[in-house]
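Data block below; observations after.
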Amino acid sequence: MRLLVVDPPHAIFKFFRGRMPHPGLTQLAAYVERELPELELEVIDCTVCDNTWQDLEDKLRTWQPHVVAVSAMSTCYVYDAMDV
């Protein structure tokens with residue numbers, strides 16, 4: 001089983017986050033790796049890595065995860081999360 005954890009690309013307020021990874025994504029990834037070692041896990045922080053929506057779509061199509069967990073760190077990012 002494959003799990004993809006995503007922080008989608010954010011057009012607004014990107015400059016507030018700088019280049020720090022989303023702490024919730026890294027914590028979730030560490031927990032999943034420890035508790036479910038048989039699960040294939042990939043984390044994509046599109047904001048930090050400057051991934052575009054097309055990059056994310058390509059990853060979803062090629063890797064075909066069984067589950068996609070999407071982050072919405074604050075209310076202003078909810079629509080980006082819903083777009084995923």
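The values are calculated or read from the model by the stated rules, or taken from the named source; none is laboratory data. Every value quoted in this text rests on a predicted model; they were computed, and no experiment measured them. Glycine gets a Cβ as well: all are built from the backbone with ideal geometry, and neighbour counts include every protein chain shown. The protein model used for the area step is the full one, side chains on, heavy atoms only, and it has no ligands, DNA or RNA in it. Shrake-Rupley method; radii C 1.70, N 1.55, O 1.52, S 1.80 Å.
Cα-based radius of gyration for the chain, normalised by 2.2 N^0.38 Å, reads 1.06. Between Trp63 and Ala30, the modelled label-to-label distance comes to 2.0 nm, taking each label 7 Å out from Cα in the direction of the beta carbon. Ordering Leu3, Val68, Val78 by Cα displacement along the dipole of the chain toward the positive end leaves Val78 in first place; charges were set at the Cβ atoms of Lys, Arg (+1) and Asp, Glu (-1). Report in % the part of the accessible area of the chain that belongs to carbon and sulfur, leaving out ligands and nucleic acids; probe 1.4 Å. Looking at the chain in its full context, I get 58 percent from C and S. Ranked by the mean number of other Cβ atoms within 10 Å of their residues, highest first, the peptides 22-30, 61-69 fall in the order 22-30, 61-69. Between the amide H of Val43 and those of Val5, distances stay under 5 Å, these residues lying 5 or more places away or on another chain, with hydrogens modeled in the peptide plane. In a simple Cβ point-charge model (Lys, Arg +1; Asp, Glu -1; nothing else charged), the chain has a dipole of about 220 debye relative to its Cα centre.
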